[in-house]
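J.: Have a look at the structure that comes next, please.
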There are 2 protein chains.
Amino acid sequence: MKAHRWQNRMQCGGFRRTHPRELIMKILKETDKHPSAEDIYIQALNVNPSIGLTTVYRTLDLFVQIGAVQRFDFGDGKARYELTDNPPEKEHHHHLICMKCKSIVDYTDFMKEELELMKKTEDALSTQHQFKIVHHTVHFYGYCRKCISPE
Amino acid sequence: MKAHRWQNRMQCGGFRRTHPRELIMKILKETDKHPSAEDIYIQALNVNPSIGLTTVYRTLDLFVQIGAVQRFDFGDGKARYELTDNPPEKEHHHHLICMKCKSIVDYTDFMKEELELMKKTEDALSTQHQFKIVHHTVHFYGYCRKCISPE
DNA sequence: ATTGATAATGAAAATCATTTTCAATAAGTG
DNA sequence: CACTTATTGAAAATGATTTTCATTATCAAT
């Protein structure tokens with residue numbers, strides 16, 4: 001199997017290529033959702049019924065550390081994970097969160113303008129606040145079509 | 001005592017004006033930090049040693065529901081609370097989060113441009129995704145001056 | 001002001017996501 | 001193949017938040 005970006009990054013870090021790690025990465029690559037650790041665990045059980053939830057947590061932490069995965073907190077008490085959008089598998093996007101049903105929708109509108117502004121802001125923040133920026137998130141909170149009810 | 005915005009909002013909702021609620025609102029008004037429920041609880045204990053942590057959680061939930069307070073998840077496992085920035089007590093701002101020491105800094109740079117872009121984006125999202133947007137957050141993650149170490 | 005209905009409170013127990021511990025297992029190296 | 005050590009899975013521990021329930025405080029109506 002051809003070595004992928006994330007595998008190279010792992011090997012540079014001295015990490016081992018294991019079945020659980022391959023499986024979890026596969027699941028992340030194939031989903032277009034925003035799975036929690038448990039969502040991923042349940043998926044993984046279908047392929048490897050002996051995998052442990054602990055391993056899922058640890059593997060996700062590892063992926064986050066090597067920059068292959070991004071972790072999001074949308075405010076519903078559990079972390080959610082997505083492949084980092086720099087590599088081609090996913091384009092840069094942000095999130096719409098329904099405050100009622102907690103559904104999450106990706107959007108990519110105005111990314112050009114947004115990236116411009118973010119670049120400018122990042123520069124300003126780097127100098128004015130002496131912060132080295134690594135990444136940013138934009139979340140829109142509101143109500144999805146299904147949850148907009150005439151009150 | 002003069003009734004404030006949040007009190008009116010509470011009364012419209014049929015909620016009671018109680019000592020714990022007044023106290024917690026006072027604490028929120030006086031801080032310029034990003035306190036967690038427990039932070040607020042500890043503050044509150046100085047004034048009212050019999051207040052319960054449970055009440056703090058419930059009160060914060062209530063304030064969030066009536067729109068007086070905004071809840072943030074910066075990814076360190078505990079929610080943080082701030083007065084909503086529409087009223088004059090706080091101006092519209094976003095956050096810089098240090099990924100190492102977890103410190104949080106407010107920033108207000110480029111708010112004019114940001115609000116313009118966000119307005120445009122909100123409009124687009126409202127129509128294209130049929131989402132009714134209530135608010136948005138922008139988080140920048142990186143490393144603060146203290147935590148930038150030559151590695 | 002007193003009363004009464006009921007919303008709000010506080011303490012303790014329960015829940016839920018996540019982390020830690022530790023003995024057993026599997027990866028990569030020689 | 002054998003060895004060193006990272007990784008795993010199960011169970012227990014943790015920590016934030018929520019629920020339960022008996023008691024207390026608020027507010028509206030007397």
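The values are calculated or read from the model by the stated rules, or taken from the named source; none is laboratory data. Keep in mind that what you see is a predicted model, and the values were worked out from it rather than measured. Neighbour counts are summed over all protein chains in view; Cβ atoms, including those assigned to glycine, are modelled from backbone coordinates with ideal geometry. Surface areas here come from the heavy atoms of the whole protein model, side chains and all, with no ligands, DNA or RNA. Shrake-Rupley method; radii C 1.70, N 1.55, O 1.52, S 1.80 Å.
J.: Within the range B:92-125, can you find the residues that are of a type in the set (S, T, N, Q) and within 8 Å of another protein chain (Cβ to nearest Cβ)?
T.: B:Thr121
Condition check ((1) open to solvent by 70 Å² or more (accessible area, probe 1.4 Å); (2) within 13 Å of the chain's Cα centre (by Cα); (3) within 17 Å of B:His139 (Cα to Cα)) across all residues:
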site	(1), (2), (3)
A:Ile40	no, yes, no
A:Phe63	no, yes, no
A:Asp109	no, no, no
A:His129	no, no, yes
A:Ile133	no, no, yes
A:Cys144	no, no, no
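J.: Take the residues in the range B:76-105 that are within 14 Å of DNA strand D (Cβ to nearest atom) and open to solvent by 30 Å² or more (accessible area, probe 1.4 Å), then tell me which one is nearest to A:Ile133 (Cα to Cα).
T.: That would be B:Lys102.
J.: Same structure again: Could you tell me whether any residue of the range B:2-25 is away from DNA strand C (no atom under 16 Å from the Cβ), more than 14 Å from chain A (Cβ to nearest Cβ) and without any contact (Cβ under 8 Å) to a residue 40 or more places away in the chain?
T.: Checking the range B:2-25: at least one residue is away from DNA strand C (no atom under 16 Å from the Cβ), more than 14 Å from chain A (Cβ to nearest Cβ) and without any contact (Cβ under 8 Å) to a residue 40 or more places away in the chain.
J.: Read through the list (1) among the hydrophobic types (A, V, I, L, M, F, W, C); (2) more than 14 Å from DNA strand D (Cβ to nearest atom); (3) within 14 Å of chain A (Cβ to nearest Cβ), then give the number of the only condition that B:Ala68 fails.
T.: All conditions are met except number (3).
J.: Can I ask one more? Out of the range A:42-59, which residues are within 11 Å of DNA strand C (Cβ to nearest atom), open to solvent by less than 80 Å² (accessible area, probe 1.4 Å) and not polar (S, T, N, Q)?
T.: A:Gly52, A:Leu53, A:Val56, listed by residue number.
J.: Could you list, in sequence order, all residues of the range A:31-62 that are among the acidic types (Asp, Glu), more than 22 Å from B:Met99 (Cα to Cα) and at pLDDT 95 or above?
T.: Within the range A:31-62, A:Glu38, A:Asp39 meet the criteria.
J.: Also, I was wondering about something else. Considering every residue within the range B:9-30, establish whether at least one is touching a strand residue (DSSP E or B) at 6+ places or on another chain (Cβ under 8 Å) and surrounded by 18 or more Cβ atoms within 10 Å (Cβ to Cβ).
T.: Checking the range B:9-30: at least one residue is touching a strand residue (DSSP E or B) at 6+ places or on another chain (Cβ under 8 Å) and surrounded by 18 or more Cβ atoms within 10 Å (Cβ to Cβ).
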